[in-house]
Amino acid sequence: MPNEELFVDNMYVTLDKMLPRVLDSLQKTDLNKIFDTLASIKEPTIVTGVGGSSIVGTFLAKVLNEKNHIIATFKFPRDLKLMDLNGYKNVIAVSYSGKNIGVDASFDNNLNKYLLSGTTRPGINSLQYTVNDEEYSFVSMAGTFIPLSIILMYYKNDINLVKDILSIRKEFDVVDKNVYEIMTSEKSVTACAMLDSTLVEGALVAPVIHEKYDYCHGRTMFNYHYQNPLIYFDDNSALDTLFKENLLQTYNHVIMIDSKYDDSIINDYYQAYMGLLLCVSIAKKINRDMSIKSVPDISELIYTYKGKM
């Protein structure tokens, strides 16, 4: 069997190619068709996805709430089996391939069905985007930021915004520790999903996620006993001011991800990208290429599973 790593771009190549891949997709995709379809969704909607697609699904639900003024909820496909779906009218499955068991589970109901994917599916309203330059990488950068950018463009149709954010290069001051704590809020929900997924899939560190207000309910004990580095999503809120003046001094190492934009939707996209750059910094620090699988892929057995969840 050929060495899989020979067919994989390293993370620096993947990062350098990400913006051109995103712009190529935005140019060649029928964005107006996708935008018109999204704008037509006027009733309560569930958005689903797994892996990197859960990041995109989280962002899409957030944008539909804000732009369409509807109830839009992100759920994992398995959750739909346990939910009373009578209050919802639509389900949007997010999937790069459009073919996995998560999509099947998302569509095993009587809701109006939509698929945001690089492919189409017979009988399903498909919001298809174009990907001509395939990404040969385990942790998918362009594969996540292409649909994220399409959703951002639906929210605010400004290609320069995408260019400005994805052109940024930044190295973070990181440390070699096995566990990182993360403080987040609803404003950075997409960014936190990106960070959590990439840290785990890239085998970089084990993330422990704290919702900021929930942190006061006993979670301070974790830092007190273990003194892990902290990644902090700064929303410039009154609570953030309180944390920065008091709590952050209890950590030995704090990595701040700033808020650059007043608009929380745009800022969540920006912070998601900052989280990706932070992951690259951690990978560089521990000398690991997160784009390349370093162990046999036993997950393929589960990924190709065709039975019921």
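Looking only at residues of segment 7-51 that are open to solvent by less than 60 Å² (accessible area, probe 1.4 Å) and charged (D, E, K, R), we find that the one that is farthest from TYR88 (Cα to Cα) is ASP9.
Take the conditions in a loop (DSSP other than H, G, I, E, B), within 20 Å of ASP173 (Cα to Cα) and open to solvent by 60 Å² or more (accessible area, probe 1.4 Å) and apply them to LYS244. Does it pass? When the stated conditions are applied, LYS244 does not pass them.
Would a scan of segment 104-117 turn up a residue that is under 26 Å from ILE292 (Cβ atoms) and open to solvent by 10 Å² or more (accessible area, probe 1.4 Å)? No, because not a single residue in segment 104-117 is under 26 Å from ILE292 (Cβ atoms) and open to solvent by 10 Å² or more (accessible area, probe 1.4 Å). Pairing residues of segment 201-215 that are of a type outside the set (S, T, N, Q) with residues that are in a strand (DSSP E or B) and open to solvent by 30 Å² or more (accessible area, probe 1.4 Å), at Cβ distances under 9 Å and at least 6 apart in sequence or on separate chains, gives VAL205/VAL179; ALA206/VAL179; PRO207/VAL179; VAL208/VAL179.
Close contacts from segment 28-54, counting a first residue that is over 30 Å from VAL139 (Cβ atoms) and a second that is of a type in the set (D, E, K, R) and open to solvent by 20 Å² or more (accessible area, probe 1.4 Å), with Cβ to Cβ under 9 Å and a gap of 6+ residues or different chains, come to ALA39/LYS67; ILE41/LYS89; LYS42/LYS89; GLU43/LYS89; PRO44/LYS89.
Determine if segment 169-178 includes at least one residue that is open to solvent by 10 Å² or more (accessible area, probe 1.4 Å) and farther than 30 Å from ASN252 by Cα. Scanning segment 169-178, I find no residue that is open to solvent by 10 Å² or more (accessible area, probe 1.4 Å) and farther than 30 Å from ASN252 by Cα, so the answer is no.
Close Cβ contacts (under 7 Å, 6 or more residues apart or on different chains) running from residues in segment 278-293 that are closer than 18 Å to LYS170 by Cβ and open to solvent by 10 Å² or more (accessible area, probe 1.4 Å) to residues that are modelled with pLDDT under 95 and not in a loop (DSSP other than H, G, I, E, B) comprise VAL280/MET11; VAL280/LEU15.
Within segment 140-153, the set of residues being open to solvent by less than 20 Å² (accessible area, probe 1.4 Å) and either farther than 24 Å from ILE286 by Cα or not aliphatic (A, V, I, L, M) (or both) comprises GLY143, THR144, PHE145, ILE146, PRO147, LEU148, SER149, ILE150, ILE151, LEU152, MET153. The residue that is nearest to the chain's Cα centre (by Cα), among those in segment 221-241 that are open to solvent by 60 Å² or more (accessible area, probe 1.4 Å) and either among the aromatic types (Phe, Trp, Tyr) or more than 25 Å from TYR270 (Cβ to Cβ) (or both), is PHE222.
The values are calculated or read from the model by the stated rules, or taken from the named source; none is laboratory data. Just so we're clear, the structure is a prediction, and the values are computed from it rather than from any experiment. Reconstructed Cβ throughout: ideal geometry from the backbone, glycine too, with neighbour counts over all protein chains shown. Calculation scope for accessible area: heavy atoms of the full protein, side chains included, ligands and nucleic acids excluded. Shrake-Rupley method; radii C 1.70, N 1.55, O 1.52, S 1.80 Å.
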